[in-house]
Structure formats: C-alpha cells, structure tokens
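Each remark here refers to the structure printed beneath this line.
FYI, it's all coordinate maths here, none of it is from the lab. Not measured: the values here are computed from a predicted model. For neighbour counting, all protein chains shown are included, and Cβ atoms are generated from backbone atoms with ideal geometry for every residue, glycine included.
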Amino acid sequence: MVNVIGLGYIGLPTALMLASHGVEVVGTDYNRKLVETLRSGHTTFKEEGLDELFGQAAESGIRFTDEYQVTDTYIVSVPTPYDKFSKKVDACYVASAVKDVLKAAPCGAVIIIESTVSPGTIDKFVRPVIEEAGRKSGTDIHLVHAPERIIPGNMVYELLHNNRTIGADDPDVGEKVKQLYGSFCQGEIVVTDIRTAEMTKVVENTYRAVNIAFANELAKICRHDEMDVYEIIRICNMHPRVNILQPGPGVGGHCISVDPWFLVGDYPSLAKVIDESMKTNDGMPDFVLNRIYEIMKKEGLTDIGRVGLYGLTYKENVDDMRESPTLQLLESQERHLAAGLKVYDPYITEDVVPNQYHDLEGFLEAVDLVVIMVGHDEIRKNMDRLEEKVVLDTRNICRHGYRI
Ligand code: SAJ
C-alpha cells in the first residue's frame, strides 16, 4: 500500500493515478476540510480529466484520511515555499511531514519526496529528521526523490506520458520505485542519485524562467523602438536551433516564479543570469501598469476606474492564483496607480480583490479599456465583445488593440 502525504495540486492527481492503475492507495492530508470534500466524492480544484480520474480511483477503493498509515511506501507531496528575504527553500513542510511519517513507518520503509527542493535540501533538512527520530537512513528508512514534472492545465495527460526522474541512495530501491511509477507512467523513467534529481527539477524550471525573461526583455526592447516582438520571435523560431518563448505580463504559479530563486539563494555569487532573469520577470506587472497609463493618455482616457484587468489566475484555463501577475500588479510598489482598477476572472468565484466582478457582461459594461492578463478560452471565444473597447493584450490573442 502507498500512503500519499499531501493531497494538493500534485499529491492528489498522483494518488488518483496510482489507485486507478491497481495500486492500493491511502491519501493523507492534515486539512480535515479537504479530506471531507474528497470523501464526499468531490475534487478540490479544476483540472482537465481530474474528475474522471477521481471516479476511477474511487471505484478502485482509494481512501482519504488525516492519519498517517503504517505501510512500506510513502509519497510526500507538500508545498516548498521560499523565504522571500534569503531566497532559500523553506523545507519546513517537508521536514514536518517526514517527522510525522516516521512515527508510523516500519523498518525498511521507503519515503519518496515529490515536492520540489533545492539541491542538497534532502541532506540538509530531511536526513537529520530521520537521525533525530533514532532511525538510520539507508537501512531503517530509504530516501528517494521523485520530482513531479506535470504542467497545470494538462496534468492528467502529462502524468501518464512525461519522462520521470527517480533519485535514490540505493539503486535497488530506485528500481523498486521506478516499478511503482511504471504502473501508470508511459514515459522513460531514469534512476539517478538524490542530489542530481533535486538539481534537474530546479534546472528545468529555471531554464523556462530564463527563456521567458529573454522574451520579456525582447518585448521591452521592441516596445522602445516600436518593433513587433511577436513577429520577430515567430521568424527567429523558424531557425532550426532557436526556440524563444512568449513575452507576457509576468510569471506566476508556484513553480517557475519560485524554484529559480532557490539557486540564487544558495549560489548568490554564481547565479547571475538567473537572478537578473527573475528580476526581469518580476518587473513585468509594473511594465504593464506603465503601459496602461501610456495607453490611457494616448486614448484620452482619464479614469483608472474605467480600466479592467481580465484574468486573476497565473495562466489560462486554471483556477490557481498563486503568484499571479494580476495579483502582483495590484500589490506592486506602484499599487497607488492600480487603485480603482476593475478585475474579473471566470475561474475565481470568491471575492479576493477590490472592484472584482463575477460576470463578463457586467465587467465589460464597467470599463472602457480592457487589459487581457490571462488568455482563458472564455475571452478567446468572446473577442467580438471587445470590438468597441480599447484593448491592451498582454497575451497576443486579440486581433486588434495594443500589445505589451
Ligand atoms: N509564461 C509566459 N510565457 C511563456 C510561457 C509561460 O509568460 O511562453 C508564464 C505563464 O503565463 C505563467 C508562468 O509563465 O504565468 C508559468 O507557466 P508555465 O505554463 O510555463 O509553467 P507552470 O508553472 O504551470 O509549470 C511548470 C512546468 N515546468 C516546465 O515546463 C519546465 C511543469 O512542467 C512543472 O511540473 C511545473 O512548473 C512544476 O510544478 O514545477
């Protein structure tokens, strides 16, 4: 039996996927409300194919509880925030989950950490917890790091098809864990050591962050001299060895906007390009705010209260607002300039910011300038509704309007 600890964005789909492929699974989370929701047959966030997967896992007998189980395999999938001041990973949730696992885990149990951690975190923060509990890592308890790689918006497909990395102290244990993930994963599964696995995960997200920062910097250069950044990137990408990502209003989510900071925090004198890239991405919401004022001036608009931000989530067609560019813009140093902006997102039903609307119709009636911050399908299907509006399109999805 596998006990999955932490039933959030990664733990839940992983638990459901294992269960629906014949593995006995118990999901544990200390949030009782979340456990109750799952027990009552409901998922806790929206994701393509998740409800169907939940149905299959339920039929296969998956159980949810707030208690840790006595078993031979644990998968820990809890958040790893970063300390905004030091930029270092905050491993407190992982350490505390492992501490609780150790109270139940029998001798020989395998603890698989799925949470993203910076290189060396398992040595620095997890092994000591095992030693403090009077257990010996490598004999009493086997540690493995199996970082997830699935992208919100396409999680179920990617869980099935992505290649995976398993980092283990003991290659035999690595092979056993490979078999476990092989119960559903159709991609290639590479077995390596723990530190390599820790580093690869952070490097993958850093690569994407740096590439997006490059696109954002190009957008700024092109704006300075009125060149079309999208056309330039499109043509450059026709070169066989060039693949530039897209500029946008900033980088959100709990991964790409966070993980690269771990390298800056741990290697401040070495991670120069990464540091600058993260600053470039973090500066984009302010860049958008300046663009709003520039466009208002050009169009003769004077009331910031007649400007609306479309989209609160960190990217299209998800309901996750963590570190979203819209929230960053509203909370920026220049937030006095953002005061009064109207906001709407079809995925966010609760009130989270001032001046928030809950229907597209009402939102559009209240504004003259629409800033597309997120390219949800809803707005893509309703482009004709924007024809009478001034538009600032930060996602390059609208035929008319200003771009960043
Ligand atoms: N973005 C751009 N321009 C682009 C692509 C993305 O501005 O060309 C923005 C998005 O709008 C969003 C942010 O970047 O605000 C991040 O979105 P994303 O779709 O690039 O990535 P995430 O954070 O949803 O998922 C990433 C993925 N990592 C990589 O692609 C290397 C995913 O595979 C990881 O599993 C996930 O992080 C994670 O959990 O670490």
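What to note about this one:
- Scalar couplings 3J(HN,Hα) for region 358-372, obtained by applying the Karplus form with A = 6.51, B = -1.76, C = 1.60 to θ = phi - 60°, are 10, 8, 4, 4, x, 4, 5, 5, 7, 10, 9, 10, 9, 9, 7 Hz; x denotes Gly and Pro.
- Residue order, fewest to most beta carbons within 10 Å, for Met278, Met238, Met227: Met238, Met227, Met278
- For region 31-67 versus region 270-310, the gap between their alpha-carbon centres in whole angstrom: 39
- Cross-link table Lys298/Lys381; Lys87/Lys201; Lys84/Lys272; Lys220/Lys298; Lys297/Lys342; Lys84/Lys279, entries beyond 25 Å C-alpha to C-alpha: Lys298/Lys381
- Under 13 Å, Cβ to Cβ, from Val210 - net charge with Lys/Arg +1 and Asp/Glu -1: -2
- Cα point-scatterer Debye curve for region 2-192, base-10 log of I(q)/I(0) at q = 0.14, 0.18 Å⁻¹: -0.76, -1.28
- Ignoring aspartates and glutamates fewer than eight residues from Lys315 along the same chain, the ones with Cα atoms less than 12 angstrom from its Cα are Glu323, Asp345, Asp377.
- Neighbours of Asp123 by Cβ distance under 13 Å: Lys/Arg scored +1, Asp/Glu scored -1, total -2.
- Translational diffusion of region 268-404, µm² s⁻¹ [Kirkwood Rh, Cα pairs; Stokes-Einstein; 10 °C; 1.306 mPa s]: 104
- Each peptide in 189-201, 358-370 was scored by the mean count of other Cβ atoms within 10 Å over its residues; highest first, the order is 189-201, 358-370.
- The tail of the calculated P(r) for the chain beyond 39 Å holds 25 percent of all Cα-Cα pairs.
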